[in-house]
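Okay, structure first, notes after.
Bear in mind that the values in this text are calculations on the coordinates, not laboratory data. A quick note: this is a predicted structure, and the numbers were derived from the prediction, not measured. In this analysis, Cβ positions are derived from the backbone assuming ideal geometry, glycine residues included, and neighbour counts consider all displayed protein chains.
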Amino acid sequence: MRGSYTFDFMAVLRYWPELLQGAYVAATLIIFTFILGTVFGIFGAIGRISRRRTVYAVSTFYVELFRNTPLLVQMYILYYGLDALSINLSAFTAALLAMSLNSGAYETEIIRGGIIAVGKGQLEAAFSLGMTYTQTLRRVVIPYALQVIFPPLGNQFIGIILGSSVASVITVPEITYVALNIGSRSYRDFETFLVIWVIYLVLNLILSALFKLTGRIAFQPIL
Amino acid sequence: MENQPVVIQYIVFFAKAAGVTLGISALSLAVGSVIGFGFSLMRISKQRILSLLTFAYAEIFRGTPILVQLFLVYFGLPIVFHINVSAFTTVAVSMILYTAGYMTEIFRAAIQAVDRGQWDASYTIGMTYTQALFKVVVPQAMRIAVPPTLGQFISILKDSSLASIIGFMELTKAGMAVRARTSSTLLAFTIVTCLYFVICYGLSIASRRVELRLKKA
């Protein structure tokens, strides 16, 4: 039997409309996760630099809890755990919420790093040059913070894409879920996964190149 | 709440499962580091082909979801090597390959973070490339690599939860099993979450301490 396996990619590729539909679901999940995660991240970062003890403690607990437990378990809790409390979230909503909270914890630290990077000295320098508060914010604080935040935020976006495959486990019909489905119907699991493996890889390589380019053009070092 | 005592009885079961999670993660880190170290040396070598191949390896394994890699090994091993493999082998193989990709980049970054002057100084006193690399640069690079390696260990511990999907009995699978038997979903998942948190948070505190000590030195 050795060497008898013949690859048949056509058996997989004829399911392309389903793969496309899966890609659409994945894209929706990824983009909304990034938006929601950034909102959580902004609030988290404000909390993490707050002088109020409770606010600081709550946001720190949030960050540490979500960064030190698996995304899969977070999804299980929001999907099966809340279900046990008679709170029924759809698979998509549970995945979106888990992924956003998870990403938000990482984004909290990224955004906090950006805010801290803008030193007090830079504000003082801007004010002593006669800039108004708005000018300082627009010309010094935001450009510099964005310059610090942009590269890790790009990595985080790719992290969200990689993590989105986990949503398949709680039956969200994104690419990995569709692949399992096609695989079991065509008996071509290996080929199906080779196909989506390449899809993920190409997508991530293109995006990371785009992020690098954008970073170089729009957020070049100003200091 | 009548299910609670039943779950308490499962404490030993959970402790063992947490041990499996730690074990498979430590194994992946150990073997993945050895491969990653070898690859990082190829990555920085002047042999274009070696450098390109290891670069591609790191990009491929860091640019695709670990879950997809796990399924590739799961479906692929029996086809390519004509063997029936256990869940343990599937998980170990895919996690080692994945970890090796990240460790390649960690070691490469650490080696390149060593000051250029260290190479120049080594050559000045008559060392060859190999001598300079192993006697001067690598020892310093290893210290630089400690914090990111600990960070990688935390990632592996969390990613190992995906092994539960192909039926490997580790911590997350243990939670699912107890949930199925006792129907106290929240309690089972809370215990699982707490165990992951204690292990990973403990490691992240250790990592921060090591980083501070390395900065002082």
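R0 = 30 Å: FRET efficiency of A:Ile87 with B:Val198, Cβ-based, nearest 0.05?
With R0 = 30 Å, the Cβ-Cβ based efficiency is 0.65.
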Stokes-Einstein D in µm²/s, Kirkwood radius over Cα pairs - region B:6-216 at 4 °C with 1.567 mPa s viscosity: 68
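In what order do A:Phe61, A:Phe127 fall by count of nearby beta-carbon atoms within 10 Å, going from fewest to most? Intermediate results must be reported in sequence, preceding the final value.
Working: A:Phe61 11, A:Phe127 14.
Least crowded to most crowded, the residues run A:Phe61, A:Phe127.
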Ranking of B:Asp159, B:Asp115 by count of other Cβ atoms within 10 Å, fewest first: B:Asp115, B:Asp159
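Could you list the chymotrypsin sites (Phe, Trp or Tyr not before Pro) in region A:2-31 that lie in coil according to DSSP, counting only those with at most 16 other Cβ atoms within 10 Å of their Cβ?
Numbers: sites: A:Tyr5, A:Phe7, A:Phe9, A:Tyr15, A:Tyr24; in loops: A:Tyr5, A:Phe7, A:Phe9, A:Tyr15.
Qualifying residues, ordered by number: A:Tyr5, A:Phe7, A:Phe9.
From the gyration tensor of the Cα coordinates in region A:60-131, what semi-axes in whole Å does the equivalent ellipsoid have, largest first, with each one equal to sqrt(5λ)? If you can, show how the numbers build up before the last one.
Details: eigenvalues 317, 28, 14 Å².
Largest first, region A:60-131 gives 40, 12, 8 Å.
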Note, ³J(HN,Hα) from phi for region B:120-137, Karplus 6.51, -1.76, 1.60, rounded to Hz, x at Gly and Pro: 4, 4, 4, 5, 4, 8, x, 6, 7, 4, 4, 4, 4, 4, 7, 8, 10, 6
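What percent does the relative contact order of region B:6-216 come to when contacts are Cα pairs within less than 8 Å and at least six residues apart? Don't skip to the end; give the middle numbers.
Values: 218 pairs, mean separation 60.0, N = 211.
Value for region B:6-216: 28 percent.
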Radius ratio Rg over Rh of region A:128-172, counting only Cα atoms, Kirkwood formula for Rh: 1.39
Vicinal HN-Hα couplings computed from phi for region B:46-63 (Karplus, 6.51 cos²θ - 1.76 cosθ + 1.60; Hz; Gly/Pro x): 7, 6, 3, 5, 4, 4, 5, 4, 6, 4, 4, 4, 4, 5, 5, 7, 8, x
Rule-of-thumb Rg ratio for the protein assembly as shown [Cα; 2.2 N^0.38 Å; N residues]: 1.06
Cα-based helix-to-principal-axis angle, A:142-164 vs chain A, degrees rounded to 10: 20
Chain A: angle of helix A:53-67 to the longest principal axis, Cα-based, in degrees nearest 10: 30
Cα-based helix-to-principal-axis angle, B:138-159 vs chain B, degrees rounded to 10: 20
Chain B: most fluctuating residue of B:Leu29, B:Leu195, B:Leu186 per GNM, C-alpha cutoff 10 Å: B:Leu186
Per-residue HN-Hα couplings for region A:87-95 [Karplus 6.51, -1.76, 1.60; θ = phi - 60°; Hz; x = Gly/Pro]: 9, 9, 9, 5, 4, 4, 4, 4, 5
Amide H contacts of A:Phe219 (H built 1.01 Å from N, under 5 Å, at least 5 apart or other chain): none
Simple label model, 7 Å out from Cα along Cβ direction - B:Arg209 to B:Asp120, nm: 3.9
16 Å Cα-Cα reach of B:Lys16 towards aspartates and glutamates, excluding residues that sit fewer than 8 places from it in its own chain: B:Glu170
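May I ask you to work out the translational diffusion coefficient for chain A at 20 °C, viscosity 1.002 mPa s, via Stokes-Einstein with Rh from the Kirkwood sum over Cα pairs, reported in whole µm²/s?
Details: Rh = 19.9 Å.
Calculated translational D: 108 µm²/s.
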Centroid-to-centroid separation of region B:10-68 and region B:85-106 [C-alpha atoms, Å]: 5
Scattering profile of region B:85-135 at q = 0.14, 0.31, 0.32 Å⁻¹ [log10 I(q)/I(0), Debye over alpha-carbon scatterers]: -0.54, -1.06, -1.09
